[in-house]
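None of the figures in this text is laboratory data; all of them are computed from the coordinates on show. As the structure is a prediction and not an experimental result, all values here were calculated from the model. Counting neighbours? That spans all protein chains shown, and the Cβs are built from the backbone with ideal geometry, glycine included.
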Amino acid sequence: MSVAYFPGIAQPAPVVRLRGFSRRFGPNLILDDLDLDIAAGEFVALLGHSGSGKTTLLRTLAGLDRADGQAVTIPSARAVVFQDARLLPWKRVWKNVALGLPGRTARARAEAALAEVGLSHRLDAWPLTLSGGEAQRTALARALVREPQLMLLDEPFAALDALTRLRMHELVLNLWRAHRPSVLIVTHDVDEAIALADRVVVLDKGRILFEERIVAERGSRTASVRDLRRRLLGALGVATQSGSYADTVAGGQPLAEAAE
Amino acid sequence: MTRARSTLLSPLRSRWLSPVLFLLAWELASRTGLIPAHTLAAPSTVLVTMLQMIRSGELPANLLVSFWRVALGLGIGVSLGVVLGILARLSRRGDALIDPLMQIKRTIPVVALAPLFIVWFGIGETPKVALIAFATLFPVYLNLYNGIRGVDRRLVDAARSFGLDQRQLIVHVILPGALPSLLVGLRYALTISIVMLVIAEQINASAGLGFLVNNARDFMRTDIIVVCLMVYALLGLAADTLIRTVEDRALAWRPKLVEA
């Protein structure tokens, strides 16, 4: 179920390029002959069950796992935002953002990044006193300050409440538009993927099971993606009606779980 | 009703009551001749003796000698413990080389080494300092070793994903993460250093608190012995206060202390 990739236009070299990438831990094949390209400035959402290989793929793209001589291209300027923020609790907020930045401008750059995520008033706070949303905004600033070509978001909003999540989605899109990194967001949330991404990829058992580009503009996607939602959920093993979340959860009949 | 009763009983609940009663009983027993002075001097005699010893300079001079022995021994022991702990934890080869030796060392009571140290280092300052250093090394090493093992892998991963090198990881992530454990080790080391001081000085010394105690024993001056006991107790208390101050400053990021 592959989809044409910017058909007819000569492509610049992608920022991320995996060809036939496999990874195994002992007898388990986690990623199986995977091909993945991410173009410069592209926003990709990666969906998949737990154990589908999402985390392994993200660690590979983050450069945390060695590629063992396989055909992997990743940019040198990368940054990761993890689900659990992972701020160093013993460093004040601005020092967390400035972590590892060279030179005397580190503090100024950290402050600028924190201003961009709206945290100018929390520069000297201890991380453990931040709310969940503030911690994630700090993590975003810490990623942003590195001017990444590739920004990896690992279920960054899964632990936030719905209203905070909404604001964070706005913030991420604004930051992405202002800085234009390539973004890969790993998520369990089909609606989050549809709202944010240029392209949605479903990973299953280490292979790409489903992939679709979303052409409709952000902010006016409801009509054009009514069916996409059903197909994405289907690829994840949940049979449902087409339509928005409000339509698909109606009670009365149990959602049919596809046999695994 | 419960409240009224607790107010009535409050003198009986004060934590000062029993020590004060104890001192009074002791003083009374001494005055009536129930406890002869060569068995145990009266509290009032102890106090007078202490003031005399302070005024004559006998106590401060000997205290200073003892203090330097502890400071030097601790300085060496703690530094070695920290360096060995880091080396053992951060490389497999270091672990294989260092940890077995430390575990073997743990099984030997350091006090039992005193005769050997006297044979090696004579009866001057060296065996005393060496004994304290040797005894304080292990609690620091062990606690740091365990503390580094307890550092959150996810924080290390996050820091690595932002391109920190090994040295930066140690300085910004691993040592601060292991600091609470290291401080526990330091607390043990301080306690042990005072115990070792007592032992080392009572074996053989020509100055210091232990020397005062030995002399007092020969002349049956129980008042001087009690003065020295009090000084040992004060040393312990001072050490504890020192560690608490360091903890309050170094661990200010911990939520309990942040709220206070």
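Can you tell me which of B:118, B:123 is at negative phi and not in a helix (DSSP H, G or I)? Walk me through how you get there before you give the answer.
Working: B:118 fails: not in a helix (DSSP H, G or I).
The match here is B:123.
May I ask you to list the residues in the stretch B:201-250 that are in contact with a Cys (Cβ under 9 Å, 6 or more places away or on another chain) and over 14 Å from residue B:70 (Cβ atoms)? Lay out the reasoning, then the answer.
Of the stretch B:201-250, the ones in contact with a Cys (Cβ under 9 Å, 6 or more places away or on another chain) are B:209-210, B:212-213, B:216.
Of everything in the stretch B:201-250, those that are in contact with a Cys (Cβ under 9 Å, 6 or more places away or on another chain) and over 14 Å from residue B:70 (Cβ atoms) turn out to be B:212, B:213, B:216.
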* Asked: If residue A:82 satisfies every condition in (1) within 14 Å of chain B (Cβ to nearest Cβ); (2) farther than 17 Å from residue B:159 by Cβ but one, which is the exception?
  -> (2)
* To do: Look at the stretch B:138-189 and say how many of its residues are within 25 Å of residue B:237 (Cβ to Cβ), among the β-branched types (Val, Ile, Thr) and either within 14 Å of chain A (Cβ to nearest Cβ) or touching a Leu at 6+ places or on another chain (Cβ under 7 Å) (or both).
  => 1
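Does the stretch B:171-181 contain at least one residue that is part of a helix (DSSP H, G or I), more than 30 Å from residue B:91 (Cβ to Cβ) and either of a type in the set (A, V, I, L, M) or within 20 Å of the chain's Cα centre (by Cα) (or both)?
Step one: list which residues in the stretch B:171-181 are part of a helix (DSSP H, G or I), which gives B:171-181.
Filter once more, so that each one left must be more than 30 Å from residue B:91 (Cβ to Cβ): none.
No, that holds for no residue.
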* Structure fact -> The condition of being over 29 Å from residue B:221 (Cα atoms) and surrounded by 14 or more Cβ atoms within 10 Å (Cβ to Cβ) holds, among B:59, B:142, B:47, only for B:142
* To do: Mind telling me which of the residues A:69, A:51 ends up being part of a loop (DSSP other than H, G, I, E, B), free of Cβ contacts under 8 Å to residues at least 12 places away in the same chain, surrounded by fewer than 18 Cβ atoms within 10 Å (Cβ to Cβ) and under 17 Å from the mean Cα position of the chain (by Cα)?
  => A:51
